[in-house]
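Where a number appears in this text, it was derived from the coordinates with a stated rule and is not lab data. Computed from a predicted model, the values in this text were never measured in an experiment. All Cβ positions, even for glycine, are placed from backbone atoms using ideal geometry, and neighbour counts span all protein chains on display.
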Amino acid sequence: MSVFKSYANGVGEATRRPKMVAVLWLMNVVFASTAFFVFNAALRGTLGDSLAAGNLLKATDMNIVFEFLTSSGIVLGEIGTVVLILLVWQVLASIFVFGGILAVISPEGRSQRFGRAFFGGGGKYYGRFFRLTIYSAVLWVPVSVVFMIVNAILGLATKDPTHEQLGFVLALLRVGVLLVLVFLVKMILDYARIKIAATDSREVFRALIGAARFVLLRPIKTLGLYYLLGLTGWAALAAYLAFQSAYSKTSAVALLLNLLTAQVFIASRAWLRVAYQASQKNLLETEQISR
């Protein structure tokens, strides 16, 4: 029952924080807009005078891909550099965001103005959460080893090329195992950040070990809550795709509606991010009280 209570608590907390959802939505828009303009400029510069680009609005044409890949290597190099910069920026920004969210949903944050709590919390915990990101290597390394072992074992079963269906199933299994391991590490890092913020501790590595112990000793509850929130995200995605496919996008009104629904979906992802932190915080507090 604590899983569903924590889930409901997190959903309620996220719903009561429209300002925080708006800030996270805006950060996503800025990041997506930057990426769009970079790729748009590269594609226009490479394919602007090409007849192949004219087919882009009609159907998928592999000539477009080939022409872009065989174009100037300078363009591809610039795109690679910008993509790397954007990814690093997103990681660094997410570290700040985690601190801001946890500060706002803390008991002290509830009595402060949103801006002061969010930006103050982001700055306060930034150094500690950045170190946590580096220390997370102690989790990523063994997880990578586990995946390589599983991958090698599954590879033994796919040596026979005649079993194509089995190979497809095992390929899906590989992806599933990889996702479970990745989400496990991400979940442990979530609880480590919550521990650091809740106790205002500077012992980052100790918080990481404590979070790993908390998760591994309660796999059903922690994984259950994590995947319950994940299903909520998938449900939002399904609703968005269903709505998008329900009408034609040939008119100006339809294009505007398409843009608005896309922004609503982005906002739902921001809302879910807050719900994750609030739900896990509630579960951690509930389990510690019940001990």
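Which order, highest average first, do 237-243, 126-132 follow once you tally other Cβ atoms within 10 Å for each residue and take the mean per peptide?
By packing density, highest mean first, the sequence is 126-132, 237-243.
Could you give the spread of the C-alpha atoms of the range 124-215 along their three principal axes, from largest to smallest, in whole angstroms?
58, 21, 16
Run the quick spin-label model on Gln288 and Leu26: label points 7 Å from Cα toward the beta carbon, then report their separation in nm to one decimal.
Each label point is offset 7 Å from its Cα along the Cβ direction, giving 3.2 nm.
Can you give the FRET efficiency to the nearest 0.05 for Ala152 and Phe119, using r as the Cβ-Cβ distance and R₀ = 51 Å?
0.60
How much of the calculated P(r) for the range 134-291 lies past 20 Å, in percent of all Cα pairs?
Value for the range 134-291: 65 percent of Cα pairs lie more than 20 Å apart.
Pulled fully out, how much extra length does the chain show between Leu255 and Tyr135, if you take 0.36 nm times their separation in residues and subtract their Cα-Cα distance?
Extending this stretch completely gives an extra 38.7 nm.
Give me the one-decimal nm value for the distance between modelled label points at Leu178 and Ser2, 7 Å along each residue's Cα-to-Cβ direction.
Computed distance between label sites Leu178 and Ser2 equals 3.4 nm.
Run the simple label-point estimate for Leu87 and Phe205 please: 7 Å along Cα→C-beta, distance reported in nm.
For Leu87 paired with Phe205, the spin-label model returns 2.8 nm.
Over the range 164-274, what is the relative contact order in percent, taking alpha-carbon pairs closer than 8 angstrom and at least six residues apart?
After rounding, I find 17 percent.
Please give the direction-averaged projected area of the C-alpha convex hull for the range 85-159, in square nanometres with one decimal.
Orientation-averaged projected area of the Cα hull: 7.6 nm².
Working from the alpha-carbon coordinates of the range 180-258, get Rg over Rh, Rh being the Kirkwood radius.
Ratio of gyration radius to Kirkwood radius: 1.28.
Given a Förster distance of 45 Å, report the FRET efficiency between Thr34 and Leu231 from their Cβ-Cβ distance, rounded to the nearest 0.05.
0.90
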